[in-house]
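Nothing in this text is a laboratory measurement; each read-out follows from the coordinates by a stated rule. A quick note: this is a predicted structure, and the numbers were derived from the prediction, not measured. Because the Cβ atoms are built from the backbone with ideal geometry, glycine has one as well, and the counts that use them run over all protein chains shown.
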Amino acid sequence: MPLEIHEDCQDRLAEFLTANLPQVSVNNQLFVNYKSLEAISDIDDILPQNDDFQDQLHKWIGENPLSSFIFGKLQETLESNYEYNSDQPTQNLNEIEEFEEIEELANSLIDDFIALPNEYNLLLKIPRGVATRFIQAIGEEELSISENLSLISPNQDFRNEFPDPPKHSPKKGLAGLDFLDQQVEWNPEHLYIKYRVEGFISSYEQTTPIQRFKELCKSFIGICLALRLLSFEHNYLNSSFESKILVFKSSNETWFSKKNHTFSESFSNRFQSLDLWSTWEEELNENQISTLIVKELQKIQSVFRDQDNNETILKSSQWLFDSYCSENKLLGFIQSITSIEILLGDKSISDIIGLGELLRNRCAYLIGKSKSQRDEILKDFKRIYDTRSKIVHRGKSTLSESEVDDFYKLRWLCMRAIQEEVTLLNEDED
């Protein structure tokens, strides 16, 4: 449903843009000068400020929604019509042919903004080894994880709906960078995490739909790790490797490929080293593995079906995966303890007895199945939380060998706590 903005407000927005767009500049004939966008930064204050309207725009775009939208649309027009030119001096927007009619441009931008949301499908390819096993277990049909998130292999129906993303030719002056956007050919042996979402996606800014997809992917992988569905294998990928988010936009009931987004190198290298839980291959036959994969995916579906009520499990799993991505053990340690805090913390109680004591007791009684196990967890967690305090409050710069051992134990505690929370959730549903 299009945005509802009163005509008087639309007029004020168009007038503001007509007056200020000429101050926006373009570098090398291709890139909007980000600093020059300050000329239109106040336009978001003209929009309706009621909570429902602002919440919707934040969900679709993010902070400063209209100025971010305008930047994205201008950049998209430049990329469609021009190539990089190192000899071209900086130009004001109205000096460029496509933008000469400033009043017409202003009205067009406002019309496009009011027509939001756009509809997108975002896709992330799962590592080949995991994909093979998952497809054997779930088949070629799309498996829904939540209302908007699914696992899908490019079967014939998929290939009829989505075109092969074209290879983006490197711009003049950027030769050698074509590896950033290699052509993708759909392969039915591949598997993708697919996210259907509404909003606005810009080529150069990370708007809310992209950010949300990244968070959901991390949560999904984190839960897979916690449930011992997946684990990490050693890999030797080039450090420049980046996992791509394929972006498809709907127009007149047809999907068109847009510019890819990427995950960070740290995410990509960890993600590409994912494989099935190592002991399964050694201990189980093909049918047993497929049965277990289906069983664990059903548990994950139960978490994602109600994301509002299960937000703590999803966020905790996201931070668990982030801790594996970090090459800095100190940061990974803090990310792991944050995963526990998200899952088991309670400010109203921690204000009384202290956060460390609360987490220590909740973790012990959630995970420990006997008095001796609980006593051991209570002792270990006190030592772990003391290390956390040294890092956060005293700037501790390295971990000793025993503290590294505690770091790995902390990750295990995170995984076990998530396991137990997922188990409790599924027992409630039964």
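Placing dummy labels 7 Å off each Cα toward the beta-carbon, the span from residue 232 to residue 128 is 2.2 nm.
The alpha carbon gyration tensor of region 235-342 gives principal lengths a ≥ b ≥ c with a/c below 1.5, which makes the shape rounded. Taking 0.36 nm per residue of sequence separation and removing the Cα-Cα distance, the residue 211/residue 379 pair yields an extension gain of 56.7 nm. Taking the Cα centre of region 26-143 as reference, the dipole from Cβ charges on Lys and Arg (+1) and Asp and Glu (-1) amounts to some 920 debye.
Placing unit charges on the Cβ atoms of the charged side chains and taking the dipole of the chain about its Cα centre, the candidate lying farthest along the positive direction among 50, 146, 26 is 146. Each residue in 408, 34, 385 was given a count of other beta-carbon atoms within 10 angstrom of its own, and listing them fewest first yields 408, 34, 385. For the chain, the relative contact order works out to 14 percent when only alpha carbon pairs closer than 8 Å and six or more residues apart are counted. Can you bin region 71-153 into rounded, prolate or oblate? Criterion: square roots of the alpha carbon gyration tensor eigenvalues sorted a ≥ b ≥ c, rounded for a/c under 1.5, prolate for a/b above b/c, oblate for the rest. It comes out oblate by the Cα gyration axes. Per-peptide packing, taken as the mean over residues of other Cβ atoms within 10 Å, places 216-228, 390-402 in the sequence 216-228, 390-402 from highest down.
Projected over every direction and averaged, the convex hull enclosing the alpha-carbon atoms of region 1-80 yields 5.8 nm².
Positive-end ranking of 284, 187, 402 along the dipole of the chain, with charges on Cβ about the Cα centre, is headed by 402.
By other beta-carbon atoms within 10 Å, ranking 196, 411 with the fewest at the front produces 196, 411. Extension gain for residue 19 to residue 187 (0.36 nm times residue separation, less C-alpha to C-alpha distance): 55.4 nm. Note on region 118-303: lysine pairs with Cα distance below 17 Å, sequence gap of 8 or more or different chains, count 27. If R0 equals 30 Å, the separation of the Cβ atoms of residue 253 and residue 114 corresponds to a calculated FRET efficiency of about 0.90.
Neighbour counts of other Cβ atoms within 10 Å put 6, 261, 58 in the fewest-to-most order 6, 58, 261.
Taking a ≥ b ≥ c as the square roots of the Cα gyration tensor eigenvalues, region 189-273 comes out prolate, since a/c reaches at least 1.5 and a/b is larger than b/c.
Taking a straight Cα-Cα cut-off under 20 Å and skipping sequence neighbours fewer than 8 places away in the same chain, the aspartates and glutamates within cross-link reach of residue 329 are 233, 265, 341, 380, 386, 401, 403, 405, 406.
With the largest listed first and rounded to whole Å, the semi-axes of the equivalent ellipsoid of the chain from the Cα gyration tensor are 43, 27, 22. Based on C-alpha pairs under 8 angstrom that are at least 6 apart in sequence, region 118-303 has a relative contact order of 31 percent. Working from Cα pairs under 8 Å separated by at least six residues, relative contact order for region 308-429 is 29 percent. Extension gain, residue 7 to residue 372, is 124.4 nm, computed as 0.36 nm per intervening residue step minus the present C-alpha separation.
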